[in-house]
Amino acid sequence: MSMDVKTVAKVASLARIRVESDELDKYSRELSGILKWIEMLDNVNTDSVEPLANVANIELKQREDVVSDGNYQQAVLKNAPESLQGYFAVPKVIE
Amino acid sequence: MAYLIRGETGDWEMVIGLEVHAQITANSKLFSGSATDFGSEANTQVSFVDAAMPGMLPVLNQYCVEQAVRTGLGLNAAVNKYSVFERKNYFYPDLPQGYQISQFLHPIVGKGVVEIDLPDGTTKEIGITRLHMEQDAGKSVHDMHPKKSFVDLNRSGSALMEIVSEPDIRSPEEATAYITKLRMILRYLGTCDGNMDEGSMRCDVNLSMRKPGAPFGTRCEIKNVNSIKAVQMAIDYEAQRQIEVLENGGVIKQETRLWDPAKGETRSMRSKEEAHDYRYFPDPDLLPLTLTDELIARIKATLPELPDEKKHRFMGDYGLSLYDAGVLIAERERADFFESAAKGRDAKLCANWVLNELLGRLNKDGKTLSDSPVSAENLGGLIDRIADNTISGRIAKDVFAEMMDSGTTADSIIDAKGLKQVTDTGAIEAVIDSVMAENPQMVADYRGGKDKLFGFFVGQVMKKSGGKANPAAVNDLLKSKLDG
Amino acid sequence: MTELTNLTISEALAKLGKKEISATELTQAHITAIEKNRHLNAFITETPDIALSMAKASDERYAKGTAGALEGIPLGIKDLFCTKGTRTTAASNILNNFVPQYESTVTSKFWKDGALMLGKLNLDEFAMGSANTTSHFGNVLNPWKRNNGDTTDLVPGGSSGGSSAAVAARMVMGATGTDTGGSIRQPAAFCGISGIKPTYGRCSRWGVVAFASSLDQAGVFARNVEDCATLLQSCAGHDPMDSTSANLPVPDFKALLTGSVKGMKIGIPKEYRMDGTPEEIIKIWDQGIEWMKDAGAEIVNVSLPHTEYALPTYYIIAPAECSSNLARYDGVRYGLRVEGENLIDQYERTRAAGFGNEVKRRIMIGTYVLSAGYYDAYYVKAQKLRRLIYNDFMNAFEKVDALLTPTAPSAAFGIGENEDDPIKMYLNDVFTVPCSLAGLPGMSVPAGVDSLGLPLGLQIIGKPWDEVTVFNVSRAIERAANFTAMPATVVSKAA
């Protein structure tokens, strides 16, 4: 599978990364090269193989339902590019 | 009876499925230890995990898992011993991680069923497709600044259950009944407070139209339908809209639409459509969730009696009508109140007092059962005094009003005000004699055949006795004196 | 007297304990070394004041007799570990000014044991790279030079290039690293030092900026195996805040470090003898095999049949996870923000300006392989291959106690080489990635130098949770190799 410029543009939009029109070709070439290389996996028949998502061979950890964190508004907002009245501020969202 | 809408080309039938997001009742969030209280100052109930700071990791809240299992069991559903948390990827300012941790291919609860009660007294089964756990988003506030939206992450990461119904619903009434019953079950289970005003329960409506008997049509998903009334209005609006499109030769586009409660209409959310590729994949920060049979059995053993069971028991054990039983079980607290008041007493009489007097008065006072000045025990005490003829039903109403004002017991009011009913025949006869002496003409008229005057004499005797005379005794004695 | 910066951690701890030297002196010597080696660009943020104040506290604890296991040892911290109050950048413009309000579990454990922080070390942006050439804060130079008069600046390896360069150049006594596909082992090999990536789940990931969560694992660098064991002892262990951290006891690595491999079975995977691998790499590997035999180990030829698929598998899984892990950098709550016409425009401009090319490439590949219609063909396929690769190792470990392989397919190369094609760079990790996919402990130790005098490393891979064997085999190689070569910077300083 190759990634044409249209696909690159769509993927960039999904990933919320602005790609200038003169960069599309370069990305298309590079990403297509990587995809082509990746596709050597098609040489392996994996029909009867269970996918492996994580090698950690342990039970999922669970915690008690107690309030043990939070309540430090200033620390949460400390690195905010813009905060007003205790909120994070962003350009107005119109739905 | 099918609910059909008459269009220009004939009858149309609605096909509705509901997705209800219910906030799980828990002290802390699904994957972090911050609090979940409603209405706190912005960004105070936020940990570094909830704000998706770099390097922060989720750890699952065990109680939320139990709550989801409890809900699944309460919905007569299959609990899956293996479930997987996946990431649903999309960008939005109130979604700090850039993904929502949810369950997709392997939800914690599978198929179940809810029995709904319809206004005509019939019931219907609505299938549950699945229930899965997920994180709530934060909140964007758009009206605090002319050019900015404000983001509050207090709700971010709170635990939700998304409960998806089968497309079994066929009318706005059924939709209402479904939500009402679902809410009742969740509140009985204690897994969600069902508070739609505070957003603890939110609803998305999937709706399509078809000619009766035809295959399903293309559906639209309506978001932001956050009250029972809105559900009805959104369904009515969207059904009409789709019929118009279809009857004018158009086709329904599968899309997400937004319910605008101010304008009373649904409209297309194009922004949502363009980026509709959520790229679900198993969250590598979490491992699959496995439940043991022991855990499921333990939760099952602690399930409370659910609304439908309780309703049938009230009808069978107490001889209540379907309607009365239905009203009493609508809230678990109400049913419990009734049962503790009715214990060892005349259940029907208790039901009447709870339904007509107590709930009526609380409603008038803008109070709920939990802040009722009259406890179940004290209401029972009042009913005991009626049963043992200490006071009449009419006096009881006055005593009850006094109890609502003062919060004291019936006995103390009866004693203090000397309301104990007079059953001493001698005393009652004396009153009757004096009434008859004061009204010779009336006595003559009655004896002359004006039977209706009997009521006049009863009234006079009761008045003269300050309402305390036992009405049955008054009747008997008066009759024998007048007739004699 | 031996120069303080040439001491090993064990030696320094002994001298500190006997009060022959103070933590403040030791720290000051390293601060001076850092200043002298600034041209290597190993640090993103130097924290001499913090180091000296921590050193003072260490000296007080030595005086009071309450010294911790690493009391007074100056360390460098890869700038992927969040440090409370000290800027943490992940070498990215998007976190240029980010000051965490929390401390990672790994660094907390070090500070609790008395170690102190000299600063935050450079790396490839978000740990994505194999040469430390993708950092927003510039390339890191390898302290080693070719000995043939060629003055080309060489890469220190990546992604933990600042860590390996700083340890090799004697700027720090040890350093933290993270390893997702080889980011500790390959730079250790390129800089002639030791580095271990423990079993996935051994060290907490809490507070470590995530790249690929199912692969990321913290580890350590030092100039010998014993020091690595000492450092790992301090930072390993269960963390209830990391759901993938294992609740297992941590063995006493140092006490169990005998260096004996007598009677051990050492596996040699035949698939690692790849076409095109330089002769010198094969030669050092064969040498390692001889050393093992000499030390009394039994050499067993094993097969890991799916080895050739490990890299493409990795380059699906790691980008997929990274595309999601890096979605949080949106300019809303922290980090860079570039204003735009509206919110979406702001996101897109912020992320375009905030991420470098390699990071963008991986986000886009990852986004693509997870997108509708491609998920099964790429992502699920890769997870299945991961299972096969994992099974290969498990089968091999039924016959052997550890595996011995080269660490990297070449010695350190020049800056700018392998940059024309992303895949060329990816191939650097051909020997390290399979072990990462299987979550196994892996260590690189220096085994010798090539014909240009550059260090070459050998990799030891162990069974899950068996770092003890990994350390012992590594110690045996170290003893046999008797690696004494020094990087150019250190030699010239001594002269």
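See the values below:
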read-out: Shielding of B:27-37 by partner chains, average beta-carbon count, 10 Å; value: 5
read-out: Simple label model, 7 Å out from Cα along Cβ direction - A:Asp47 to B:Asp143, nm; value: 6.1 nm
read-out: Alpha-carbon centroid distance for the pair the range B:128-171 / the range B:224-262, whole angstrom; value: 20 Å
read-out: For chain C, size of Cβ-based charge dipole, Lys and Arg +1, Asp and Glu -1, in debye; value: 760 debye
read-out: Under 29 Å from C:Lys262, Cα to Cα: lysines that are on another chain or at least 8 residues apart; value: C:Lys197, C:Lys254, C:Lys270, C:Lys283, C:Lys293, C:Lys399, C:Lys463
read-out: When each of B:Lys348/B:Lys464; B:Lys148/B:Lys263; C:Lys18/C:Lys56 is checked by Cα-Cα distance, pairs over 28 Å; value: B:Lys348/B:Lys464
read-out: Shape parameters for the range B:305-417, alpha-carbon atoms, Rg then Dmax in Å; value: 13.7, 43
read-out: Placed amide H near B:Glu86: partners under 5 Å, 5+ positions off or other chain; value: B:Ser102, B:Gln103, B:Phe104, B:Asp283
read-out: Alpha carbon convex hull of the range C:29-120, projected area averaged over orientations, nm²; value: 6.1 nm²
read-out: Residue mean of other protein chain beta carbons inside 10 Å, C:434-443; value: 1
read-out: Nearby aspartates and glutamates by direct alpha-carbon distance to A:Lys26 (threshold 18 angstrom, same-chain neighbours under 8 apart not counted); value: A:Asp4, C:Glu358, C:Glu419, C:Asp420, C:Asp421
read-out: Exposure proxy order (Cβ contacts within 10 Å, fewest to most) of C:Met173, B:Met53; value: B:Met53, C:Met173
read-out: Placed amide H near B:Thr368: partners under 5 Å, 5+ positions off or other chain; value: none
read-out: For the range C:369-448 and the range C:261-278, distance of Cα centres in Å; value: 15 Å
read-out: Packing-based exposure ordering (other Cβ within 10 Å, fewest first) of C:Arg61, B:Arg6; value: B:Arg6, C:Arg61
read-out: Dimensionless Rg over Rh [the protein assembly as shown; C-alpha; Kirkwood]; value: 1.14
read-out: Test item: Cα-centred dipole of the range B:42-168, Lys/Arg +1 and Asp/Glu -1 on Cβ, debye; value: 500 debye
read-out: DSSP bridge pairs, the protein assembly as shown: antiparallel proportion in percent, nearest 5; value: 80 percent
read-out: Cα-Cα over 25 Å, subset of A:Lys10/B:Lys88; B:Lys223/B:Lys300; A:Lys36/B:Lys253; B:Lys29/C:Lys384; value: B:Lys223/B:Lys300; A:Lys36/B:Lys253; B:Lys29/C:Lys384
read-out: Label-point gap, in nm, between C:Arg87 and C:Thr258 - each point 7 angstrom along Cα→Cβ; value: 5.0 nm
read-out: For the range C:253-314: Kirkwood Rh in Å [reciprocal of mean 1/r, alpha carbons]; value: 13.6 Å
read-out: For the range B:1-37 and the range C:182-229, distance of Cα centres in Å; value: 48 Å
read-out: Shape category assigned to the range B:375-421 from the gyration tensor of Cα positions, a/c cut at 1.5; value: oblate
read-out: Residues C:Thr32, B:Thr390, sorted so that the one with the fewest Cβ neighbours within 10 Å comes first; value: C:Thr32, B:Thr390
read-out: Two-decimal log10 I(q)/I(0) for the range B:1-146, as the Debye equation yields it once each C-alpha is a single scatterer, q = 0.10, 0.16 Å⁻¹; value: -0.51, -0.98
read-out: Of C:Leu437, B:Ala347, C:Asn142, farthest towards positive along the dipole that unit charges on Lys, Arg, Asp, Glu beta carbons give the protein assembly as shown; value: C:Asn142
read-out: Diffusion constant of chain B at 37 °C, which comes from Stokes-Einstein with the Kirkwood Cα-pair radius and 0.692 mPa s, µm²/s; value: 122 µm²/s
read-out: Residue-count net charge about B:Leu306 - beta-carbon cut-off 14 Å; Lys, Arg +1, Asp, Glu -1; value: +2
read-out: Viscosity 1.567 mPa s, temperature 4 °C, Stokes-Einstein D of chain C from Kirkwood C-alpha radius, µm²/s; value: 58 µm²/s
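We did not get these values from a lab; they are worked out from the coordinates using the rules stated. What you see is a predicted model, and the numbers here were worked out from it, not measured in a lab. Heads up, the Cβs are rebuilt from the backbone with ideal geometry, glycines too, and the neighbour counts pull from every protein chain shown.
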